[in-house]
Amino acid sequence: MKIFVMAKKVLTSLCARPATFRYPLVPKTYYKNTRGSITIDINRCIYCGMCQRKCPAQAILVTKADKEWKIDRLRCVSCGYCVELCPVKCLSMKNTYSASTQIREEEAFRRA
Ligand code: SF4
Ligand code: SF4
């Protein structure tokens, strides 16, 4: 009997689609609610520093004097807390990830 169970399993596996996909040849499709990278509409930012103070990973640095907002993407844990609490709603979360990197470098945004 076990031979039939095994044969059925083998035939099912032969006909089924593979459980994996050929990334990066086949690009990953992101879900609507994927928690991706944080982005900012810098022209709306009032440099209140709320996001910097509340970020649990200390990934954000706001410099009011230079009108600069920086994020360390290797620190960010994509919790979305900064997006929720920004008083002017100038932060948002993309549903895609930022490019991978081995260099710890903050990404800076400055008002034009
Ligand atoms: S909380 Fe919003 S307005 Fe305040 S510094 Fe951060 S991004 Fe700018
Ligand atoms: S998503 Fe979370 S960890 Fe990332 S910058 Fe915002 S508050 Fe910090």
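If you average the C-alpha positions of the range 34-112 and of the range 1-29 separately, how far apart do those two centres end up, in angstrom?
Taking the Cα centre of the range 1-29 as reference, the centre of the range 34-112 is 42 Å away.
To the nearest 10 degrees, how steeply does helix 2-15 sit against the main Cα axis of the chain, on a 0 to 90 scale?
50
Reachable lysines from residue 94, Cα under 24 Å, same-chain residues fewer than 8 places away excluded?
Counting by Cα, and skipping residues close in sequence, residue 94 has these lysines nearby: 28, 32, 54, 67, 70.
Per q in 0.13, 0.15, 0.33, 0.34 1/Å, what log10 I(q)/I(0) does a Debye calculation on the alpha-carbon atoms of the range 55-99 return?
-0.30, -0.40, -1.35, -1.35
Once you mark the chymotrypsin sites (Phe, Trp or Tyr not before Pro) that are in a DSSP loop and have at most 13 other Cβ atoms within 10 Å, what is the longest gap between them in the chain? Could you put the intermediate results ahead of the total?
Numbers: sites that count: 21, 30, 31.
In the chain, the maximal stretch lacking such sites is 32-112.
Can you give me the % of accessible surface on the range 34-110 that is carbon or sulfur? Probe 1.4 Å, all protein chains present, nothing else counted.
So the carbon and sulfur contribution to the accessible surface is 48 percent.
Using only the alpha carbons of the range 34-110, what is the convex hull's orientation-averaged projected area in square nanometres?
Directional mean of the projected Cα hull area for the range 34-110 stands at 4.8 nm².
Explain nothing, just compute: Karplus ³J(HN,Hα) = 6.51 cos²θ - 1.76 cosθ + 1.60, θ = phi - 60°, for every residue of the range 27-36 in order, whole Hz, x for Gly and Pro.
Rounded to whole hertz, the list is x, 6, 9, 8, 7, 4, 9, 4, 8, x.
What spacing in nm lies between the two simple spin-label points modelled at residue 96 and residue 7, each 7 Å away from Cα in the Cβ direction?
5.0
The values are calculated or read from the model by the stated rules, or taken from the named source; none is laboratory data. Keep in mind that this is a model prediction, so the values were computed, not measured. Ideal geometry is used to build each Cβ from the backbone, glycine not excepted, and the neighbour counts take in all protein chains shown. Surface areas here come from the heavy atoms of the whole protein model, side chains and all, with no ligands, DNA or RNA. Shrake-Rupley method; radii C 1.70, N 1.55, O 1.52, S 1.80 Å.
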